[in-house]
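Working notes, beginning with the structure itself.
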Amino acid sequence: MRDYSSVSGAFWIGKTGKELRGDMPAQLLALYLMTSPHSTMTGVYHCPILYMAHETGMSIEGATEALHRLIQAGFCEYEEASESVFVVRMAAFQIGEVLKPGDKRILGMPRHVENITSPYMKQRFIDVYGDAFHIEVDSKKKEKTKPLPSPSKAPAKPGTGTGAGTGAEDSADLLAKSPPPPDVETFPPDPPVVSIPLNNNTEFDVTQPMVDEWVLTYPAVDVLQELREMRSWSTAHPTQRKTARGVQAFICRWLGREQDRGGGRFVQGAHKEEIGVFL
């Protein structure tokens with residue numbers, strides 16, 4: 001789950017925001033999709049309508065109609081087969097409109113693209129951001145695109161097809177019955193790159209996808225080196241180690257301070273200890 005998302009105030013006065021004025025369910029769903037706990041920096045992620053309904057408090061039918069509206073407005077795309085959503089402008093706000101050659105964030109893009117499980121949505125992301133983010137694609141492996149889902153082809157409303165579904169079941173009950181997201185247990189977890197000691201004598205494992213995201217977020221910082229320093233600091237200060245719930249906030253604050261300093265190294269000694277106290 002992502003700890004943060006950037007949402008621009010320009011949403012309300014931009015083209016899509018203007019089109020959605022007066023349509024509060026669509027506005028709510030748009031904000032949800034930009035800040036969803038399932039979201040990624042690319043804006044492409046697994047998000048069944050069941051999740052949208054349950055986590056916004058809307059009915060299944062209401063969430064479906066709101067999604068149709070967002071597709072009409074060009075805010076997002078939705079692939080029913082994989083239950084994947086693509087919030088088209090999300091990567092531009094979370095990563096940038098265009099990455100200049102040599103930008104460190106380009107290094108993390110292949111992994112972000114590889115993490116998109118739907119071949120169709122992966123190709124759609126490359127179609128939109130391939131040039132801007134310098135994403136290299138093997139032409140032999142390039143997925144064939146297919147027409148975008150029109151409003152009439154977007155996910156059907158509950159209870160309108162064959163079968164026993166009536167659309168009247170409680171969304172929480174439906175969520176409990178839904179299958180888990182694809183590939184949740186298909187692949188082994190990523191091996192840790194660095195492990196940071198915690199106050200309960202366990203360690204917090206930092207994986208490569210975490211590092212890639214922090215590299216994108218803090219481009220002026222040598223993220224791996226800073227993580228090594230965090231491990232050394234935590235090892236040397238057992239009484240000031242962080243909790244399992246607070247360690248990621250600790251990491252982000254540390255990296256944020258380094259970003260503000262232009263990526264310069266912390267000095268040794270008392271200043272380093274002072275940083276640890278306030279982080």
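Every number here is computed from the coordinates shown, using simple stated rules; none is lab data. Note that the structure is predicted; figures quoted are calculated from it, not measured. Cβ placement follows ideal geometry from the backbone for every residue including glycine, while neighbour counts extend to all protein chains displayed.
Between K100 and A10, 0.36 nm times their residue separation minus their Cα-Cα distance comes to what?
Length gained between K100 and A10: 30.0 nm.
Cross-linked pairs K100/K242; K15/K100; K122/K242: Cα-Cα separations exceed 32 Å for K100/K242; K122/K242. Under the simplified labelling scheme, the D222-H38 pair shows an inter-label distance of 4.0 nm, with each label point 7 Å from Cα along Cα→Cβ.
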